[in-house]
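This report concerns only the one structure given below.
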Amino acid sequence: MPTDSGVDRARLAALFARERSSFAARRPRSAAAHAGADHLFGRVPMTWMNKNAAGFPIYAASARGARLTDLDGHTYVDFCLGDTGAMAGHSPAPVVEAVTRQLADAGGATTMLPTEDAAWVGAELARRFGLPYWSFALTATDANRWAIRLLRAVSGRPKILVNSYCYHGSVDESLIVVGPDGHGMSREGNVGAPTDVTTTSRVAEFNDLAGLERELAHGDVAAVLMEPALTNIGIVLPAPGYLAGVRELTRRYGTYLMNDETHTFSAGPGGATAAWGLEPDVLTIGKSIAGGIPIGAYGLSASLADALTARADLDLVDMGGVGGTLAGNPVSLAAARATLESVLTEEAFAGMIATAAEFATGVRKLIESARLPWSVAQLGARVEYRFADPAPVNGTESAASADPELEDFLHVYLANRGILLTPFHNMALMSPATTLDDVARHHEVFAEALAELTGPA
Ligand code: PMP
């Protein structure tokens with residue numbers, strides 16, 4: 001019987017089993033590497049790498065541009081791109097040169113001293129995103145954490161509000177969802193929560209201004225932390241007027257607004273903030289802006305920076321709970337400068353977005369001709385398909401449309417034919433190196449998968 005996803009479950013299960021065994025049979029070296037990693041917890045460098053559709057992960061041997069080659073010699077068109085960390089493409093030449101220059105020629109990976117690159121990157125981020133003052137971290141998670149601490153301190157309010165089924169990294173305050181009774185509750189999988197998340201956080205559905213106002217009216221929310229479009233539970237785009245409404249309500253209730261642009265940076269060279277004329281008080285970003293070298297950053301508005309500076313009681317220099325030894329290190333900043341100056345440029349974004357449009361149009365056509373009740377969303381250089389039509393309008397709806405078996409089947413089917421999608425998603429990201437031929441290859445394989453799923457038995 002077809003389910004909500006529109007596919008026959010028995011046929012899906014049989015196809016998935018076939019694809020999994022073909023995946024394993026053709027990857028003996030990846031399988032052996034995984035089996036032999038006795039002293040890695042979960043046999044992987046980080047436990048989330050066990051989120052893979054085929055029983056063991058593909059081991060990368062090399063990666064350049066939009067291509068990745070595994071230990072068994074299979075080459076893939078990489079639409080995962082390190083879930084955005086490699087949005088600039090793998091090892092772009094200007095980043096390799098800048099990092100080599102810093103490490104080998106100049107010398108010094110980490111010195112606890114500023115380099116001139118940091119000021120250049122701060123100025124460039126200010127130009128692109130419109131926020132004048134910047135600090136650096138090594139991950140987007142830490143950029144969020146540290147900005148949250150600043151906003152709690154400066155506002156004197158205890159709570160952070162996020163959207164249901166958001167993702168902002170392993171930020172304790174963000175692991176909350178709207179429960180069936182309409183109230184906030186801990187998100188499933190919130191491992192070792194330090195405290196009941198409802199004491200630190202509030203939650204509202206994306207695209208729900210009435211729900212947001214109800215929560216802000218308590219007067220205890222220091223900041224709303226949000227992505228301008230949800231990107232981690234499928235892409236959920238903002239309804240017309242929603243983001244302007246969020247800004248108006250946050251101002252009315254004296255709450256700071258943080259835009260996490262770690263993924264929505266795909267919307268353009270200045271992220272969704274520049275593309276859609278948004279005015280956050282804080283902007284956080286990470287992953288991609290140093291071409292794959294670890295970095296995070298947060299930008300502050302002038303009035304927020306002034307308010308922080310005026311607070312002589314805040315220890316921002318010594319013990320303040322904000323900062324890390326390797327944050328702002330010379331290698332991160334050299335890589336960020338090269339990425340922003342020479343790789344993720346305005347021209348590059350124009351090309352990436354055009355490639356993504358081609359990806360979205362093609363997938364939409366294939367879904368329509370297979371008569372599947374699925375939908376496609378594009379956010380600049382990023383495209384995602386969901387097993388629901390019309391497209392979900394908030395995180396809870398999007399979570400409800402998940403079909404893990406179908407998603408895993410598509411991931412393995414595509415991987416077996418040389419296409420990598422982002423795990424946890426049906427998401428495809430275009431780098432400056434991604435070509436229309438790469439997109440055409442995806443469509444060819446995707447069409448075969450749909451034919452096997454829905455065509456005559
Ligand atoms: N913010 C957003 C919007 C993200 O998607 C992610 C990671 N997927 C993060 C923050 C955290 O990034 P990291 O794990 O690199 O700290």
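Structure notes:
Here is a yes/no grid of residues against (1) crowded, with 23+ Cβ neighbours inside 10 Å; (2) part of a strand (DSSP E or B); (3) free of Cβ contacts under 8 Å to residues at least 12 places away in the same chain; (4) more than 11 Å from the ligand (Cβ to nearest atom):
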position: Ala222; (1), (2), (3), (4): yes, yes, no, yes
position: Gly234; (1), (2), (3), (4): yes, no, no, yes
position: Ala239; (1), (2), (3), (4): no, no, no, yes
position: Gly245; (1), (2), (3), (4): no, no, no, yes
position: Glu248; (1), (2), (3), (4): no, no, yes, yes
position: Gly254; (1), (2), (3), (4): no, no, no, yes
position: Asn259; (1), (2), (3), (4): yes, yes, no, no
position: Phe265; (1), (2), (3), (4): yes, no, no, no
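- Across the range 184-191, a minimum of one residue is classified as surrounded by 16 or more Cβ atoms within 10 Å (Cβ to Cβ) and more than 16 Å from the ligand (Cβ to nearest atom).
- The set of residues in the range 21-33 being under 26 Å from Thr454 (Cα atoms) and within 27 Å of the chain's Cα centre (by Cα) consists of Phe23 alone.
- Residue match in the range 206-219 (condition: part of a loop (DSSP other than H, G, I, E, B), within 16 Å of the ligand (Cβ to nearest atom) and of a type in the set (Gly, Ala, Ser)): no
- Boolean, Ile289 is crowded, with 19+ Cβ neighbours inside 10 Å, part of a helix (DSSP H, G or I) and within 12 Å of the ligand (Cβ to nearest atom): yes
- Residue within the range 318-326 that is within 24 Å of Leu225 (Cα to Cα), of a type outside the set (Ser, Thr, Tyr) and within 15 Å of the ligand (Cβ to nearest atom) present: yes
- Residue within the range 309-324 that is out of contact with any His (no Cβ under 7 Å at 6 or more places or on another chain) and at positive phi present: yes
- Sole exception among (1) surrounded by fewer than 13 Cβ atoms within 10 Å (Cβ to Cβ); (2) in a helix (DSSP H, G or I) for Ala31, by number: (1)
- For the range 387-395, the criterion of being surrounded by fewer than 20 Cβ atoms within 10 Å (Cβ to Cβ) and of a type in the set (S, T, N, Q) is satisfied by no residue at all.
- Checked across the range 70-89, the condition of being assigned to a helix (DSSP H, G or I), within 21 Å of Gly328 (Cα to Cα) and modelled with pLDDT of 95 or more holds for at least one residue.
- Restricting attention to the range 34-49, the residues that are in a loop (DSSP other than H, G, I, E, B), within 27 Å of the chain's Cα centre (by Cα) and surrounded by fewer than 15 Cβ atoms within 10 Å (Cβ to Cβ) total 3.
- Scanning the range 152-171 for residues that are within 16 Å of the ligand (Cβ to nearest atom) and more than 22 Å from Gly85 (Cα to Cα) gives Ile160, Leu161, Val162, Asn163, Ser164.
- Odd one out for Ala123, checked against (1) over 27 Å from Arg252 (Cα atoms); (2) touching a Pro at 6+ places or on another chain (Cβ under 8 Å); (3) surrounded by fewer than 19 Cβ atoms within 10 Å (Cβ to Cβ); (4) aliphatic (A, V, I, L, M): (2)
The values are calculated or read from the model by the stated rules, or taken from the named source; none is laboratory data. Because the structure is a prediction, the values reported are computed rather than measured. Neighbour counts run over all protein chains shown; Cβ positions are idealised from the backbone, glycine included.
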